[in-house]
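Take a look at the structure below.
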Amino acid sequence: AIALYEQVATDRARILGDNHPHTLNTRNNLADAYESAGRRDEAIALYEQVATGLTCVLGPDHPRPLTARNNLASAYASAERHDEAITLYEQVAQDQARALGKDHPHTLTTLNNIAYTYRSVGRLPEAITLYEQVMKDQIRVLGEDHPGTYNTRRELADSYREAGRTDKSITLYEQLLVSSQRVLGADHPFTMAMREELGDVRRELKQRDNPSAD
């Protein structure tokens, strides 16, 4: 896949030009492939080229450059370049709110990514506050049963658990389990994961309240 993407990217650059949208699209796909193969430095360098090129061609407020910049921030986070990731995510979120609207699904996804990165660097209170905001907005805009809403609710429950707010995490896991059983079915991987996490956190609470119990 990488060899073919590289060939197509080279040919498109030669025929269409470096900044033609098709060329940039192929380079983005190549960057995705590099990242999947663990070649993160190459992926980041290419994501940076794509984000710059699309911004020049389509303008900073077009959805495609915004998505490219979000992809770049995600690559920074994967490479544990968290400060760069957070700075770029925050910029993208501001630009998406202005260009697409604060309730646009892309804006909400970027805010979720910011919260996840906050949590990754130990900024747990900020992560929880942002997750709570995003969850409320996703429920209002997308509905309680949307995959994006499920993802945020789960990450918020995980964050509550990590912060020692066990009762709140249990409540959220219980709500997710009931909802996912109804929408996805009892044997769906997400449902089974919620059942397992709920069991784990209940055992943690029992051990905390009764340390001598096994």
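Numerical summary
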| quantity | calculated |
| --- | --- |
| Hey, Gly38 assigned to a helix (DSSP H, G or I) and either open to solvent by 40 Å² or more (accessible area, probe 1.4 Å) or in contact (Cβ under 8 Å) with a residue 12 or more places away in the chain (or both) or not | no |
| Residue within the range 22-35 that is out of contact with any Ser or Thr (no Cβ under 6 Å at 6 or more places or on another chain) and more than 24 Å from Leu88 (Cα to Cα) present | yes |
| Residue identified as modelled with pLDDT under 95, farther than 23 Å from Ser120 by Cα and not small (Gly, Ala, Ser) among Leu46, Leu16, Leu4, Leu58 | Leu58 |
| Exclusive hit being among the hydrophobic types (A, V, I, L, M, F, W, C) and either over 26 Å from Tyr131 (Cα atoms) or free of Cβ contacts under 8 Å to residues at least 40 places away in the same chain (or both), set Ala97, Ala77, Ala73 | Ala97 |
| Residues of the range 13-31 satisfying the condition of being part of a helix (DSSP H, G or I) and either in contact with a Cys (Cβ under 6 Å, 6 or more places away or on another chain) or open to solvent by less than 60 Å² (accessible area, probe 1.4 Å) (or both) | Ala13, Pro21, Thr23, Leu24, Thr26, Arg27, Asn28, Asn29, Leu30, Ala31 |
| Selection status of Lys102, out of contact with any Cys (no Cβ under 8 Å at 6 or more places or on another chain), of a type outside the set (S, T, N, Q) and not in a helix (DSSP H, G or I) | yes |
| Residue within the range 131-150 that is within 16 Å of Thr110 (Cβ to Cβ), outside any loop (DSSP other than H, G, I, E, B), open to solvent by 10 Å² or more (accessible area, probe 1.4 Å) and among the hydrophobic types (A, V, I, L, M, F, W, C) present | yes |
| Hey, Val121 at pLDDT 95 or above, surrounded by 24 or more Cβ atoms within 10 Å (Cβ to Cβ) and out of contact with any strand residue (DSSP E or B) (no Cβ under 6 Å at 6 or more places or on another chain) or not | no |
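The values are calculated or read from the model by the stated rules, or taken from the named source; none is laboratory data. Here the structure is a predicted model, which means the values were calculated and not measured. Cβ: placed from backbone, ideal geometry, glycine included. Neighbour counts: every protein chain shown. These accessible areas exclude ligands, DNA and RNA; they are computed on the full protein's heavy atoms, side chains included. Shrake-Rupley method; radii C 1.70, N 1.55, O 1.52, S 1.80 Å.
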